[in-house]
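*Asks:* There's a structure below that I have some questions on.
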Amino acid sequence: MGLFGTTTKKRDIGGNGNARVQVMGTGCRKCHALYEAATEALGADQVDYVTDMARIAEAGGTVVNAGKVRVAFICTHNACRSQIAEAVARMRASDVIEPYSAGTDPLAAPNPDALRLLAKRGIDVSMLRSKALDEIPRPDIVVTMGCGVSCPALPCQHREDWGLDDPTGKEDAAYDACIDAIARNVDDLADRIRAADGWDHDRPDVSALRALADETRLTVVRALAHEEELCACKLLDRLHVSQSTLSHHMKVLVDAGLVHQRRDGRWMHYRIDSDRLVALGESITALGRGGHASNGDNI
């Protein structure tokens, strides 16, 4: 898919009730396939094929990912380091990175000193705002800033930690050093993405595959697949393992996004994410057909 999502839109020519269909896209294979389907169903004289980006924008077309890698920069409060990373990545690597930032416990607004010093360097901060993890789309890559944050709600294909000191409350020099370090890391990440020659958003989730590479966890998944929800006490009875061992295996499955958990009294209750399992199975099947070769090995 190109810079704009493939879509169709009816319009009335001259207000006389003669409706036509506009197929909006960039001329990519998916866009053209939709255009051909529309013309076959309605006739070529009833379909306009709009590929001009200015016209699409005027018509309210929405910009979507254009083969870029979705990178989520995560820290606890989404106030300083992760906001800096989002802004710097948008400025320095917009050709390959679609940047987002979020926090596990976000503050009301970004750090004003960080915004001030970014703006001083000519970096656009107008799009920065504090966000929770569930306010951003699912990323391809998760980058944590170094605050020990775990992101169980953000399954991804690759994750790394940059180990950055938090400059909050310090002198401007500490912020400048942080911005410089983030700029270097963004450049390095962008170079690795470019070297990988693109990114397949549909390739299997490596973290999920690793989570399933264990007989005990496969047994848990099989059990949950046949139940709406299971208490940890029931899993302990089935698996004949210690509570600490079960907790370890369940944390791996939860962190990979394959299982959801909730606490009820003293026990945790677990349920499978069926959609994630189905998507994982489909991507593996596509690999077997040669449909999704992995392009991210250099990341």
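The values are calculated or read from the model by the stated rules, or taken from the named source; none is laboratory data. Computed from a predicted structure; not experimentally measured. Here Cβ is always computed from backbone atoms with ideal geometry, including for glycine, and neighbour counts include all displayed protein chains.
*Asks:* Can you pull out the residues in the stretch 109-150 that are more than 17 Å from residue 164 (Cα to Cα), under 13 Å from the mean Cα position of the chain (by Cα) and either assigned to a loop (DSSP other than H, G, I, E, B) or of a type in the set (A, V, I, L, M, F, W, C) (or both)?
*Replies:* Residues satisfying the conditions are 133, 136, 137, 138, 139, 140, 141.
*Asks:* Looking only at residues that are under 15 Å from residue 227 (Cβ atoms) and free of Cβ contacts under 8 Å to residues at least 12 places away in the same chain in the stretch 257-271, which one is surrounded by the fewest Cβ atoms within 10 Å (Cβ to Cβ)?
*Replies:* Residue satisfying both the conditions and the ranking: 262.
*Asks:* Answer with yes or no whether residue 90 is part of a helix (DSSP H, G or I), closer than 15 Å to residue 70 by Cβ and basic (Lys, Arg). Lay out the reasoning, then the answer.
*Replies:* On the way: part of a helix (DSSP H, G or I): yes; closer than 15 Å to residue 70 by Cβ: yes; basic (Lys, Arg): yes.
So residue 90 fits the description; yes.
*Asks:* Give 278, 254 a once-over and let me know the one that is surrounded by 18 or more Cβ atoms within 10 Å (Cβ to Cβ), at pLDDT 80 or above and in a helix (DSSP H, G or I).
*Replies:* Details: 278 fails: surrounded by 18 or more Cβ atoms within 10 Å (Cβ to Cβ).
Answer to the selection: 254.
*Asks:* Next question. Hey, which of the helices (runs of 4 or more DSSP H) in the stretch 162-233, taking only ones fully inside, have at least 2 residues that are of a type in the set (Asp, Glu) and either modelled with pLDDT under 95 or farther than 19 Å from residue 261 by Cα (or both)?
*Replies:* Numbers: elements: 172-195, 206-212, 215-225.
It comes to 172-195.
*Asks:* Between a first residue in the stretch 88-102 that is touching a residue at least 24 places away in the same chain (Cβ under 8 Å) and under 17 Å from residue 144 (Cα atoms) and a second residue that is basic (Lys, Arg) and in a helix (DSSP H, G or I), which pairs have beta carbons less than 9 Å apart while being 6 or more apart in sequence or on different chains?
*Replies:* Going by the 9 Å Cβ cut-off, the qualifying pairs are 97/90; 98/90; 99/90; 101/81.
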